[in-house]
1. May I ask you to list the residues in the range 17-43 that are in contact (Cβ under 8 Å) with a residue 40 or more places away in the chain and outside any loop (DSSP other than H, G, I, E, B)?
2. Given the criteria in contact with a helix residue (DSSP H, G or I) (Cβ under 7 Å, 6 or more places away or on another chain), surrounded by 13 or more Cβ atoms within 10 Å (Cβ to Cβ) and closer than 19 Å to residue 496 by Cα, does residue 321 qualify?
3. In the range 137-151, which residue that is at pLDDT below 90 and part of a helix (DSSP H, G or I) is nearest to the chain's Cα centre (by Cα)?
4. Residue check, residue 70 against (1) more than 30 Å from residue 102 (Cα to Cα); (2) part of a helix (DSSP H, G or I), all met but one. Which one?
5. Do we have residue 109 as touching a residue at least 24 places away in the same chain (Cβ under 8 Å), closer than 23 Å to residue 160 by Cα and outside any helix (DSSP H, G or I) here?
6. Could you list, in sequence order, all residues of the range 412-449 that are more than 34 Å from the chain's Cα centre (by Cα) and free of Cβ contacts under 8 Å to residues at least 12 places away in the same chain?
7. Is it true that residue 205 is surrounded by fewer than 17 Cβ atoms within 10 Å (Cβ to Cβ), at pLDDT below 85 and over 26 Å from residue 266 (Cα atoms)?
8. In the set 286, 316, which member is in a loop (DSSP other than H, G, I, E, B), surrounded by fewer than 19 Cβ atoms within 10 Å (Cβ to Cβ) and at pLDDT 90 or above?
């Protein structure tokens, strides 16, 4: 209710979209050219909805603290809302990467921009929360920790909105700057103080019912998983705000770019992948030596065989070997879990393997839906590794009939074509690839923003790689024009978008209502009155 009241106050009195202009303009300014893209219909709403959706599980936690009902009830109520927020924010981030890849024309999809970072941080901490509450549900552990995690997730969501709307950090993703930043900062400060006051008041009642029995256990893997997610979020947070800190403390303007985030967050993300493979293999409480040998053999063999195959195809870079090796290990774990479950069900029911897998997912949707989500993260991770390590690029200025070659592609120029729909001039580069395929990268010059042309890349995409062509400039008209091109070959980028779709599917499976067991179903006798007392 407090969050709704705050947002209503902003909309009604501080930054109302309904305020009338003093004079009716003959023609509006129009959208920023970068926003003329179909992805903008869904990406910003999903991102903002994802950020604000964390207010619901946060409200359950605050209500539990205020009322003293600190058992598992608030966790059970929060879980589905947390999953919805996590899914929407995750898809919003993937859509943002897709938009950047297709529109910004720099050959990449994630630049560690401040706005990208502030949308990623609550998703990371929210992921830790979704995993951590399983410890409370099963073992009565980490009660205080879970409250803190959802608080931090909500605080980061408000902080993200503050960064986007205040313009305090420069970003290519900030399009709607306003004076409401101080209001968000004040609200964030009050929320932190009030929430922590409630937390410390109830802290004696948030003691864990059990302790960690052994380091080799599922509980320990969950705890380490939590620490890694928080570590990644803190590293990103520090890199994002450091320019502000440096300017405030030392009056020095600095910028923190992708090299910092790759060097600091990269190894932590690798550790996260490793734990995604280890966690499902570990038992609750304590793992025996026999259990470890039995459960880890198949994933390790999958990793070694997969890396051997990749080596045959020339994958030798150390970062690629580590990254792909971690992805293969997780895939081995997931496959082992599905195969074991399907075999056990087939032995018990006589179903064929396909039906057995389907019924496994239907009857234990939280577990197997989670594995599907893990597979989605593996696809995204493999796509990131492939595109970062093995990207190739070149630049060329081509007269009509000239060609440039890269990674087995020969791109031939055939001048330009122009179009003039209302309010915009469009220049298309006419290019053929290997003689029989066509790509048309373009530049759009809007009448209201002539100094800010926007890019539409030319793209040929396969599961293995993308040919990504940017029209950087041109000289002349029609079929006689020279074109200047930036050409990239990006391996496995399509895996990232496929991973986003699989993320949606897996989360839906996880949240799908479980079937009611036959023993719990009740049949209403014929002729009985519904609602009547027996």
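The values are calculated or read from the model by the stated rules, or taken from the named source; none is laboratory data. Remember, predicted model here, so these are calculated numbers, not experimental data. Neighbour counts are summed over all protein chains in view; Cβ atoms, including those assigned to glycine, are modelled from backbone coordinates with ideal geometry.
1. 33, 34, 35, 39, 40, 43
2. Details: in contact with a helix residue (DSSP H, G or I) (Cβ under 7 Å, 6 or more places away or on another chain): yes; surrounded by 13 or more Cβ atoms within 10 Å (Cβ to Cβ): yes; closer than 19 Å to residue 496 by Cα: yes.
For residue 321, the condition - in contact with a helix residue (DSSP H, G or I) (Cβ under 7 Å, 6 or more places away or on another chain), surrounded by 13 or more Cβ atoms within 10 Å (Cβ to Cβ) and closer than 19 Å to residue 496 by Cα - is met.
3. Here the residue is 137.
4. The number of the failed condition is (2).
5. yes
6. 419, 420, 421, 422, 436
7. Working: surrounded by fewer than 17 Cβ atoms within 10 Å (Cβ to Cβ): yes; at pLDDT below 85: no; over 26 Å from residue 266 (Cα atoms): yes.
Considered against the rule, which asks whether it is surrounded by fewer than 17 Cβ atoms within 10 Å (Cβ to Cβ), at pLDDT below 85 and over 26 Å from residue 266 (Cα atoms), residue 205 comes out as no.
8. Exactly one of 286, 316 is in a loop (DSSP other than H, G, I, E, B), surrounded by fewer than 19 Cβ atoms within 10 Å (Cβ to Cβ) and at pLDDT 90 or above, namely 316.
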